[in-house]
1. Among Arg31, Arg20, which is basic (Lys, Arg) and either closer than 18 Å to Ser69 by Cα or in a helix (DSSP H, G or I) (or both)?
2. Being on the phi > 0 side of the Ramachandran plot and within 14 Å of the chain's Cα centre (by Cα) is the requirement here; does Gly137 meet it?
3. Taking the conditions exactly as written (within 14 Å of the chain's Cα centre (by Cα), more than 23 Å from Ser45 (Cα to Cα) and either at pLDDT 95 or above or not in a helix (DSSP H, G or I) (or both)), does Ala108 satisfy them or not?
4. Could you list, in sequence order, all residues of the range 129-138 that are touching a helix residue (DSSP H, G or I) at 6+ places or on another chain (Cβ under 9 Å) and either within 17 Å of Gln54 (Cβ to Cβ) or surrounded by 16 or more Cβ atoms within 10 Å (Cβ to Cβ) (or both)?
5. Tell me whether the range 123-142 contains one or more residues that are in contact (Cβ under 8 Å) with a residue 12 or more places away in the chain, touching a Cys at 6+ places or on another chain (Cβ under 7 Å) and of a type outside the set (Gly, Ala, Ser).
6. Can you name the residue in the range 37-88 that is closer than 30 Å to Val5 by Cβ and hydroxyl-bearing (Ser, Thr, Tyr) and is also surrounded by the most Cβ atoms within 10 Å (Cβ to Cβ) among such residues?
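The values are calculated or read from the model by the stated rules, or taken from the named source; none is laboratory data. Because the structure is a prediction, the values reported are computed rather than measured. All Cβ positions, glycine included, derive from the backbone under ideal geometry; neighbour counts span all protein chains shown.
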Amino acid sequence: MSDAVSALQGKVAPGEVTIREAGLRGMIILRGDLSDKKLRKVCTSLTGAKMPDQGKAHCEGDKGLCWMSPDEVLVLVPYSQAVDALAKIDAALGGTHYLAENVSDARAVIFVEGTFAREVIAKLAPADLHPDSFKPGDFRRTRLGQVAAAFWMRDADTFEVICFRSVAGYAFDLLVASAKAGAVGHFS
């Protein structure tokens, strides 16, 4: 068995806004009735996070929950715990209608950190990122340039971006180019 490696193997582009790969992250897509008590309980017990409302993410460190759609949540756990977390979901939800899949090796996570991180993302995504409309804890599933991506704000200067592993290099380079182009002062 080979050792798992992240899509970009820890790549970092330092600068006024730093773009860096987060490394391996455990990610489970869970589809089902998000109001179901058993589903909610297993999600919160695995992550320590409360269930997110529409368009929200509740994350701390490597753990968290992100709202993906009316019947889908992304469960984030440390990479080494993903297989066990999936087994716990299956055990808790047996007999109910749900779908859970470990997508850890199919996705990449990239951090965008710095004073104009919001502008770096705003130049690339067709989403309203004005500070009055998009705040820490807010989550969007959209596009960055030509690829599907999702992102949320960890804090005022940090975004976390998830994309397919197959386009991680493109997404990383796109974010770096946006950061190098500098701030445009749109949200000032």
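1. On the way: Arg20 fails: either closer than 18 Å to Ser69 by Cα or in a helix (DSSP H, G or I) (or both).
Going through Arg31, Arg20 in turn, the sole match is Arg31.
2. yes
3. Yes.
4. Leu129, Phe134
5. Restricting attention to the range 123-142, the residues satisfying the condition of being in contact (Cβ under 8 Å) with a residue 12 or more places away in the chain are 123-127, 129-131, 134-142.
Now drop any that are not touching a Cys at 6+ places or on another chain (Cβ under 7 Å), which leaves 139.
Subset that is of a type outside the set (Gly, Ala, Ser): 139.
Yes, the range 123-142 contains at least one residue that is in contact (Cβ under 8 Å) with a residue 12 or more places away in the chain, touching a Cys at 6+ places or on another chain (Cβ under 7 Å) and of a type outside the set (Gly, Ala, Ser).
6. Thr47
Each row is one residue, and each column tells you yes or no for (1) basic (Lys, Arg); (2) under 23 Å from Ala149 (Cα atoms); (3) assigned to a strand (DSSP E or B); (4) not assigned by TED's automatic domain parsing to the domain that holds Thr158.
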{"residue": "Ser45", "(1), (2), (3), (4)": "no, no, no, yes"}
{"residue": "Asp53", "(1), (2), (3), (4)": "no, yes, no, yes"}
{"residue": "Leu65", "(1), (2), (3), (4)": "no, yes, yes, yes"}
{"residue": "Gln81", "(1), (2), (3), (4)": "no, no, no, yes"}
{"residue": "Ala85", "(1), (2), (3), (4)": "no, no, no, yes"}
{"residue": "Lys88", "(1), (2), (3), (4)": "yes, no, no, yes"}
{"residue": "Ala92", "(1), (2), (3), (4)": "no, no, no, yes"}
